[in-house]
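The values are calculated or read from the model by the stated rules, or taken from the named source; none is laboratory data. Not measured: the values here are computed from a predicted model. When we count neighbours, we look across all protein chains shown, and the Cβ atoms used for this are built from the backbone with ideal geometry, even at glycine.
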Amino acid sequence: MPQLDFANPLTIFQVAWMAAIFLVLYVALSRWALPQVANVIEARGARIAADLEVARESKLRADLAVTELTSATKRAHAEAQAAIAEAIAGARAEALAEARAANSSLEDRLADAERQIDAARAVAVGALRDIAADTAATIVGRLTGVAADAGLLGRAVDRAIAKA
């Protein structure tokens with residue numbers, strides 16, 4: 001091959017310069033560029049590990065908040081059901097006693113008892129709304145660290161109650 005004719009002094013000179021340039025590039029890369037790349041890779045790995053740890057902690061806090069929300073919702077539902085059951089039982093007992101006492105006004109008193117039941121149900125649902133709004137505000141505050149907008153939470157709770 002004429003390109004590698006080592007009898008030609010120009011070829012030896014070119015090969016020597018190629019070796020010198022390669023050596024300079026190798027030293028420059030191994031002493032300066034590659035350590036900087038390694039530092040960047042290590043810093044990125046550390047940052048990713050820290051971000052993953054923060055994500056794990058955030059997920060744990062979110063899971064705890066969901067558990068707390070679920071238990072608070074169950075408690076509020078049970079309290080509302082108990083209040084409704086108590087109001088219904090009281091209204092029925094009152095209506096029955098009045099029906100035995102005055103048979104002539106049975107229809108009027110029965111309608112009155114049903115109005116009382118509706119009022120007690122409305123009070124219980126109203127109490128459920130307040131409990132749900134307080135619970136949601138507490139959870140939003142704990143998760144975000146910022147106080148929630150009471151109007152926005154109230155509308156969201158009203159929509160949820162309307163769906164239920």
Of the residues in region 117-149, those that are loosely packed, with under 12 Cβ neighbours inside 10 Å and of a type in the set (A, V, I, L, M, F, W, C) number 3
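Have a look at A72, A76 and point out the one that is in contact with a Leu (Cβ under 9 Å, 6 or more places away or on another chain), surrounded by 11 or more Cβ atoms within 10 Å (Cβ to Cβ) and touching a residue at least 40 places away in the same chain (Cβ under 8 Å). Walk me through how you get there before you give the answer.
Working: A72 fails: in contact with a Leu (Cβ under 9 Å, 6 or more places away or on another chain).
Checking each option against the conditions leaves just A76.
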For region 96-127 the number of residues that are modelled with pLDDT of 80 or more and either in contact with a Gly (Cβ under 7 Å, 6 or more places away or on another chain) or acidic (D, E) (or both) is 5
Being touching a Lys or Arg at 6+ places or on another chain (Cβ under 8 Å), assigned to a helix (DSSP H, G or I) and of a type in the set (G, A, S) narrows A62, A99, A127 down to just A99
Checked pairs for region 3-27, first surrounded by 10 or more Cβ atoms within 10 Å (Cβ to Cβ), second in a loop (DSSP other than H, G, I, E, B), C-beta under 9 Å and 6 or more apart or across chains, list as T11/D5; I12/F6; V15/F6
Only one of A95, A82, A62, A87 is within 30 Å of A133 (Cα to Cα), touching a helix residue (DSSP H, G or I) at 6+ places or on another chain (Cβ under 6 Å), surrounded by 11 or more Cβ atoms within 10 Å (Cβ to Cβ) and small (G, A, S), namely A87
Residues in region 111-125 that are of a type in the set (G, A, S) and closer than 12 Å to I84 by Cβ total 4
